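Heads up: the structure comes next, in C-alpha cells.
The values are calculated or read from the model by the stated rules, or taken from the named source; none is laboratory data. Please read these numbers as outputs of a predicted model, since none were measured by experiment. Note that each Cβ is placed from the backbone with ideal geometry, even for glycine, and that neighbours are counted across all protein chains shown. When the accessible area is computed, the model is the full protein with side chains, heavy atoms only, and any ligands, DNA or RNA have been set aside. Shrake-Rupley method; radii C 1.70, N 1.55, O 1.52, S 1.80 Å.
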Amino acid sequence: KNDQKMTLYFQGPYGVGKKSTAQALCHESGLNLLTVQLNEISAVESLNFGMAIRLAGREALLQQAALYWSGFDPLLIDPKRSLLKTFTDELEQQPGVTFLEGKKPWEPGAKLHHTAFARIEFPQPNSVQRLQIWTTALDGHWTGERSIELKPVANKFRLSGRQILDAVATAR
C-alpha cells in the first residue's frame with residue numbers, strides 16, 4: 001500500500017545478492033524497481049541534493065516502483081554527513097518501500113522514526129556455498145583433461161557469488 005512506509009537497508013559486500021533480493025521482493029509485490037546511484041548524485045556539487053531525492057521519489061510513484069538507492073556508504077563519511085540528514089528527511093516524506101544498499105553497518109537512530117526500518121546483513125558466502133556456486137557456474141565445463149580441483153579454489157578465494165560468476169564469464 002502507498003500509505004505504508006518501509007525502508008530496508010541491505011548491507012554487505014558486492015555480489016552477495018542485495019539487488020537480486022530487492023528485485024525478487026518487488027516482483028512478488030507487483031512493483032517495479034527503480035535504481036538510483038546515490039553515490040553519483042551525492043558527488044555532484046552543483047546539484048540540489050534534496051530536490052534530486054524528491055524527484056526520484058516522484059518518478060518512483062509514477063512508475064509504481066520501489067526505490068533502490070545504490071551506493072549509500074558515501075553519506076556515512078564526514079564530508080557528506082550533512083547530506084545524510086537531508087536524505088533521511090526526504091526519505092521520511094516518501095511513501096512506499098525504499099531499499100538502501102551499502103557495505104557499512106548503519107542504523108538510523110532518531111532518524112526515520114515515521115518509517116518501518118530493518119537492516120539486513122548479506123554476508124560473504126562460506127567455503128561450502130562458494131564451492132556450490134563455482135560448481136553450478138562452471139556447469140561441468142571444468143572436467144576432462146584440464147580438470148580444476150574446485151575445493152581449494154573455493155577455500156582460497158573468498159569471493160562473493162557475483163564475483164565468482166564474473167570470473168567464470170571472464171574465463172569463458
In segment 80-100, how many residues are in a strand (DSSP E or B) and acidic (Asp, Glu)? 0
Hey, among ASP166, ASP139, which residue is charged (D, E, K, R), under 22 Å from the mean Cα position of the chain (by Cα) and open to solvent by 30 Å² or more (accessible area, probe 1.4 Å)? ASP166
Would you tally the residues in segment 92-112 being open to solvent by less than 90 Å² (accessible area, probe 1.4 Å), among the basic types (Lys, Arg) and modelled with pLDDT of 85 or more? 1
Quick check on segment 39-62. Is at least one of its residues touching a strand residue (DSSP E or B) at 6+ places or on another chain (Cβ under 8 Å), touching a residue at least 24 places away in the same chain (Cβ under 8 Å) and β-branched (Val, Ile, Thr)? no
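Residue-wise test of (1) farther than 30 Å from ASN48 by Cα; (2) exposed (fewer than 14 other Cβ atoms within 10 Å of the Cβ); (3) in contact (Cβ under 8 Å) with a residue 12 or more places away in the chain.
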position	(1), (2), (3)
THR86	no, no, yes
GLU90	no, no, yes
PHE122	yes, no, yes
PRO125	yes, no, yes
ILE133	yes, no, yes
LYS156	yes, yes, no
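Condition check ((1) at pLDDT 85 or above; (2) aliphatic (A, V, I, L, M); (3) under 25 Å from PHE72 (Cβ atoms); (4) not in a helix (DSSP H, G or I)) across all residues:
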| residue | (1), (2), (3), (4) |
| --- | --- |
| HIS114 | no, no, yes, yes |
| PHE117 | yes, no, yes, yes |
| ILE120 | yes, yes, yes, yes |
| GLN124 | yes, no, yes, yes |
| VAL128 | yes, yes, no, no |
| GLN132 | yes, no, no, no |
| ARG146 | no, no, no, yes |
Of the conditions (1) surrounded by fewer than 20 Cβ atoms within 10 Å (Cβ to Cβ); (2) aromatic (Phe, Trp, Tyr); (3) assigned to a helix (DSSP H, G or I), TYR14 clears all except one; give me its number. (3)
Among (1) open to solvent by 30 Å² or more (accessible area, probe 1.4 Å); (2) outside any helix (DSSP H, G or I) - the single one LEU55 does not satisfy: (2)
